[in-house]
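Heads up, the thing below is written out as C-alpha cells.
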Amino acid sequence: MLLALFALARRRWRASGASEAPPEPRTPPPPNSAVAAALEAVRARLKALTTELRLPVTPKLVAVSKTKPAETVREAYDAGQRIFGENYVQEMMDKAPLLPPDCQWHFIGHLQSNKAKHIVTLPNLACVESVDSVKIADALDKACSMSGRKKPLSVFVQVNSSGEESKYGVEPADALELVQHIRSKCKRLRCEGLMTIGALDYSPSPVCLERMLACRKEVAEGLGVPEASLALSMGMSADYEQAIRMGSTSVRIGSTIFGKR
Ligand SMILES: *Cc1c(COP(=O)(O)O)cnc(C)c1O
C-alpha cells in the first residue's frame with residue numbers, strides 16, 4: 001500500500017516536470033513604467049560604481065518622493081524600492097500609510113522640534129537625516145521614549161557644507177559635539193553619520209564634498225572610531241556619482257527617478 005502510494009507520488013512528481021532539466025534562468029521582466037525604468041538605470045549605475053570603485057557595499061539608495069503622489073511612489077515600490085525620502089512632515093505622514101508597511105521612510109527635510117512627537121508615530125519611520133541641533137535630537141529622543149518605539153531611531157547629523165546662510169545644518173566644526181551629544185545622551189537614537197546638501201544650485205560641488213570628508217575625519221578622530229564606521233549621506237540627482245566617488249555611502253535621488261517636480 002505504502003509502496004503503491006510512493007510510486008504514484010513519484011509518477012505525479014515526474015509528470016509535474018520536476019525531474020526535467022532546470023528551467024532557463026528567468027530574465028527580469030521589462031520595467032513597466034517610466035519610474036521603474038529610471039530606477040533600474042540608477043541601480044545599474046550604483047552597481048557599476050560599486051564594482052569600479054571596489055566598494056565593500058553598494059551605496060544606499062533613498063528614493064526622494066517629495067511632491068509625488070502615492071501611486072507614483074508605488075511604481076517604485078513595485079520595482080523593488082523600499083527606502084523613500086520626504087522633506088515635509090505632513091506630506092510624509094499623509095503618504096506613508098497609503099504605501100505598504102515595509103517601506104522605510106527617511107525624513108530629509110528641516111524638522112521643528114515640536115513636530116518630533118508627531119513624526120515618531122509613523123511606525124516605519126526609519127531615519128531622520130536632518131538632525132542639526134541638540135534641541136531636535138533631544139526632542140526626537142524623548143518622543144521615541146514616550147511613543148514606546150522599540151528599535152532605536154537612526155539619525156544623521158546634518159552639516160552645512162556649503163557655508164550658505166540659507167542652509168540648515170551645523171557648521172562642520174560643530175558636528176563632533178552634536179554627534180557626541182547624541183551618542184552619550186540620546187539613548188533612543190542611533191547616530192549613523194553625517195548628511196549634507198550641496199551648494200544651493202544643487203550642482204556638483206566638490207568643495208562641499210571635500211568639507212564633508214574632512215568633517216567626518218574630524219568626527220571619527222574625536223570619537224576614536226574608524227572613519228568607515230560613519231555613514232555619509234551626500235549626493236542627489238545632479239551629483240550622486242561624484243559624491244559616491246568621494247566616499248558617499250548613501251544617496252538621495254528624486255527627480256532622476258520620479259521626474260521633474
Ligand atoms: C529634494 C531633495 C533631494 C533630491 O533632489 P533631486 O535633485 O531631485 O535628486 C535630496 N535631498 C534633499 C534634502 C532634498 O530635499
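The numbers here are math on the coordinates, done by the rules we state, and not lab data. It should be emphasised that the depicted structure is a prediction, and the values quoted were computed from it without experimental measurement. Cβ placement follows ideal geometry from the backbone for every residue including glycine, while neighbour counts extend to all protein chains displayed.
Note on the stretch 150-261: the C-alpha convex hull projects to 7.7 nm² when averaged across all orientations. Each residue of the stretch 125-130 was assigned a 3J(HN,Hα) from its phi angle through the Karplus expression (A = 6.51, B = -1.76, C = 1.60, θ = phi - 60°), giving 6, 9, 7, 10, 8, 10 Hz with x at Gly and Pro. When only alpha carbons of the stretch 38-83 are considered, Rg and Dmax amount to 12.2, 36 Å.
Between amide H atoms placed 1.01 Å from N, distances below 5 Å from K60 occur with S250, V251, all of them 5 or more places distant or on a separate chain. The radius of gyration of the Cα set in the chain, together with its Dmax, comes out at 22.4, 85 angstrom.
Loop sites here are GluC sites (Glu not before Pro) outside DSSP states H, G, I, E and B with no more than 15 other Cβ atoms within 10 Å. The longest part of the chain free of them is 21-163. With the Kirkwood sum run over all distinct C-alpha pairs, the stretch 82-152 has a hydrodynamic radius of 12.1 Å.
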